[in-house]
Ligand code: SF4
């Protein structure tokens, strides 16, 4: 049997897989030695993908309420309810909430339907929760949401800095690459409040006070300036610098002040600053610890400022590198799947709107950015959104203040959920459920963290009446009256249209362009091998701003409030190594459960002693939003005053560990990304 080349279903590393189908619903999984992201390696989640392709728990027929329905009946109902709602309340009374699990072709069709035909930008994605601060930071600095780095930069770096990233657990194959480079002599610095498995192996761990990243990076920039480590030529030729930039960077940026703000030993801080200033080939990777903050965009720009001003960008081994969570967060960004972007890396400027409307021959076009995830569910709760379609995600678990999200879903007059799983916490509120094709059943493309575009390929026939997401969306579009615009028969047609749009009236001002692929035939699409678009962006020092210069962005450290009397702890949330999101897939592989069998709250020994909670005991974590029960792990890996819980458990899988109920629905003011990492909380033994 021939192996089929496809891509892992989970994280943004985007590892290539060789899948050999061995039976009706059985497959043998191996890493693809020819895929540039992983060169044959797979982590535990990817390795066990074959155990998750069974049909237990699957939604295999359309459902209206509790009754099975034909596709025609279900699609007609969805189209009619959306059409009627728009006719009565306007285009902004409806919304789509989609997912980084969608393939690029799925994302493209959903975005086209909402922005170009319904005429609203109320389509947002769970990627908002993951990396939208990186999108906003890139756009502010570079003029376009471009990730300049590739994985090969890790292989060429002499210093690797990880900020807010437990890479060993969350991007394991990237971490193996980092370790290999460190074994060859590169140094590793980890900046993270927690002493994670990644931090354990670092040459230097800086367990900074949560939320103090801007102070740390501004201090680094001031240090580099003082040490003569700025790139004067690059600054003069390629950067725009606000008038008061250096003055503001210098405020409170002496070593002692930064050490106090960040709660770090000055000697450790000095060591990091000296190492960075002396190491031109430095890659700084950052992920959710930076993005999921109430000042996430500023934190991203603080990192980008340092790399730009020291000329550590666009060169082998010298790059800032945002690593994404989901397999296709980047593909969603490329088609404009966020409420704040239009399509093909364009914003809502009038000429962009006119261009996209022309290209789509659309009857209308969204006039302005739509509601971002937290705003969207707030609008749902306030009755402003009257019809919602949730695709391939579980916001009743994953949104902050998930209890309030559930109330909003319950109050919405019409909720559609398309998913592979029959009963999710979110589909409990659906009026219509539509069976979507799962990994291994659908065809399309995904873009990983370093802009490598890879194919996901079908391994099995579609089970029951399941259909690919692009098919479901285009059928609703056709039934809403736009037959020609949604006349797709296969994903290759959508791919070609996406490529043509990326290059349409693009004189090179936008870096994102796939012109050579717009004429790819079906056979070429089917045979597509992984490729990275954009080469080495910014190697020529030209950025996607009107004047071609990148912008240094003035960012200052916000005051960090101390503990509140009623909520004396700070709750941080995150992932476990062997689980993915709400475990609908990884939960099917028994071996993956062995790593962490239940949700733990991790707490420092001093806090545990003061609160009377003990290792292995049970304790309630409470915040102003809700509470949930956890098993206690007492560990010095936590800073005093801070606790950590995992995000994976839901009502379906556990009576406790319901982390989604706990975070505040507060967001970064620029990106709209929720600040999951710093929720005031308390802990009490049972
Ligand atoms: Fe899959 Fe990510 Fe693991 Fe690679 S690192 S095998 S993409 S989960």
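What follows is calculated from the coordinates using simple rules that are stated; it is not laboratory data. Here the structure is a predicted model, which is why all the values come from computation and not from measurement. Cβ atoms come from the backbone with ideal geometry, glycine included; neighbour counts cover every protein chain shown.
For each of 560, 313, 154, count neighbouring Cβ atoms within 10 Å of the residue's Cβ, then give the residues from fewest to most.
On the way: 560 16, 313 26, 154 23.
Ordered by Cβ neighbours within 10 Å, fewest first: 560, 154, 313.
Can you sort 63, 399, 528 from fewest to most other Cβ atoms within 10 Å of each residue's own Cβ? If you can, show how the numbers build up before the last one.
Values: 63 20, 399 28, 528 17.
Starting with the residue having the fewest Cβ neighbours, the order is 528, 63, 399.
Using all Cα-Cα distances in the stretch 98-175, what percent lands in each 10 angstrom bin from 0 up to the longest?
Histogramming the stretch 98-175 at 10 Å steps yields 14, 33, 36, 13, 4, 0 percent.
So what's the gap between the Cα centers of the stretch 142-158 and the stretch 20-40, to the nearest angstrom?
Answer, in whole Å: 27.
How long are the semi-axes of the equivalent ellipsoid of the stretch 61-149, defined as square roots of 5 times the Cα gyration tensor eigenvalues? Whole Å, largest first. Please list the in-between numbers first.
Numbers: eigenvalues 202, 56, 23 Å².
Ellipsoid half-lengths, sorted descending, are 32, 17, 11 Å.
Calculate, for residue 500 and residue 651, the FRET efficiency according to 1/(1 + (r/R0)^6) with r their C-beta to C-beta distance and R0 41 Å; round to the nearest 0.05.
Working: r = 44 Å, r/R0 = 1.08.
E(calc), rounded to 0.05, equals 0.40.
Per the Cauchy relation, a quarter of the hull surface: what is the mean projected area of the convex hull of the alpha carbons in the stretch 534-611, in nm²?
Values: hull surface 47.0 nm².
Result: 11.8 nm².
Where the Cα atoms of the stretch 569-685 are projected onto their three principal axes, how long is each span, largest first, in whole Å?
Extents along the principal axes: 40, 38, 23 Å.
Starting at 0 and stepping by 5 Å, how many percent of the alpha carbon pairs of the stretch 403-495 end up in each bin?
Histogram of Cα-Cα distances, whole percents per bin: 3, 12, 16, 18, 18, 16, 12, 5, 0.
Given the stretch 569-685, what percent of its DSSP beta bridges are antiparallel, to the nearest 5? Display every interim value, and only then the final one.
Values: 16 of 25 bridges.
That works out to approximately 65 percent antiparallel.
So how long is each side of the stretch 470-601 along the principal axes, counting just the alpha-carbon atoms, biggest first, in Å?
Principal axes ranked by extent give 60, 48, 35 Å for the Cα atoms.
If you average the alpha carbon positions of the stretch 252-317 and of the stretch 119-136, how far apart do those two centres end up, in angstrom?
About 25 Å separates the Cα centre of the stretch 252-317 from the one of the stretch 119-136.
Once you have the Cα-Cα distance between residue 243 and residue 620, take 0.36 nm times their residue separation minus that, and quote the gain in nm to one decimal. Before the final figure, lay out each step's value.
Details: separation 377, 0.36 × 377 = 135.72 nm, distance 5.03 nm.
This chain segment gains 130.7 nm when fully extended.
Quick check on the chain: helices-only [θ] at 222 nm, where DSSP H runs of length 4 and up contribute -39,500 (n - 2.57) each and the sum goes over total residues. Nearest 500, please. Display every interim value, and only then the final one.
Numbers: 25 runs with 218 residues, N = 686.
One gets -9000 deg cm²/dmol as the mean residue ellipticity at 222 nm.
Can you tell me the Rg and the Dmax, both Å, for the Cα atoms in the stretch 1-120?
19.5, 56
Over 15 Å, how big is the tail of the calculated P(r) for the stretch 4-52, in percent of all Cα pairs?
Details: 401 of 1176 pairs.
Value for the stretch 4-52: 34 percent of Cα pairs lie more than 15 Å apart.
Return the Rg/Rh value of the stretch 170-243, two decimal places, where both radii are evaluated on C-alpha atoms and Rh is the Kirkwood radius.
Radius of gyration relative to Kirkwood radius: 1.07.
Ignoring solvent entirely, what values of log10 I(q)/I(0) come out of the Debye formula for the chain at 0.06, 0.08, 0.09 Å⁻¹ when each Cα is a single scatterer?
Calculated log10 I(q)/I(0) at the listed q: -0.31, -0.57, -0.73.
Taking R0 as 22 Å, what FRET efficiency do you get between residue 640 and residue 597 from their Cβ-Cβ distance, rounded to the nearest 0.05? Could you put the intermediate results ahead of the total?
Values: r = 27 Å, r/R0 = 1.24.
Taking R0 as 22 Å, the efficiency between residue 640 and residue 597 is 0.20.
If you bin the C-alpha pair distances of the stretch 298-384 every 5 Å from 0, what whole percents do you get?
Reading the bins upward from 0: 3, 11, 14, 15, 17, 17, 12, 7, 3, 1, 0.
What is the distance in Å between the Cα centroid of the stretch 476-536 and that of the stretch 552-608?
Between the Cα centres of the stretch 476-536 and the stretch 552-608 lies a distance of 38 Å.
I need the peptides 516-525, 166-175 ranked by packing, meaning the mean over residues of other C-beta atoms within 10 angstrom, with the highest value on top. Provide the component values of the computation, followed by the final result.
Numbers: 516-525: 13.9, 166-175: 23.7.
Sorting 516-525, 166-175 by mean packing, highest first, produces 166-175, 516-525.
Write down the percent of antiparallel bridges among all DSSP beta bridges whose residues are both part of the chain, to the nearest 5. Spell out each step's value before the answer.
Numbers: 38 of 83 bridges.
Given both bridge residues lie in the chain, the antiparallel proportion sits at roughly 45 percent.
In whole percent, what relative contact order does the stretch 131-323 give with Cα contacts below 8 Å and a gap of six or more residues? Can you show the working numbers first?
Details: 330 pairs, mean separation 66.1, N = 193.
Answer for the stretch 131-323 is 34 percent.
Restricting to Cα pairs below 8 Å that are 6+ residues apart, what does the relative contact order work out to for the stretch 4-52? Please round to a whole percent. Walk me through the numbers before you get to the answer.
Details: 90 pairs, mean separation 15.0, N = 49.
Averaging sequence separation for qualifying contacts and normalising by length gives 31 percent for the stretch 4-52.
Can you tell me the order of 612-621, 414-423 when each peptide is scored by its average per-residue count of other Cβ atoms within 10 angstrom, highest first?
414-423, 612-621
If N is the number of residues in the stretch 131-323, what value comes out of its Cα radius of gyration divided by 2.2 N^0.38 Å? Before the final figure, lay out the partial values.
Details: Rg = 15.1 Å, N = 193, 2.2 N^0.38 = 16.3 Å.
Ratio of Cα Rg to 2.2 N^0.38 Å: 0.93.
Can you tell me the relative contact order of the chain? Whole percent, Cα pairs under 8 Å, sequence separation 6 or more. Working shown, then result.
On the way: 1633 pairs, mean separation 138.6, N = 686.
Relative contact order, the chain: 20 percent.
Just the number, please: percent antiparallel of the DSSP beta bridges in the stretch 131-323, rounded to the nearest 5. List each step's numbers first, then the result.
Numbers: 1 of 18 bridges.
Looking only at bridges with both residues in the stretch 131-323, the antiparallel portion is about 5 percent.
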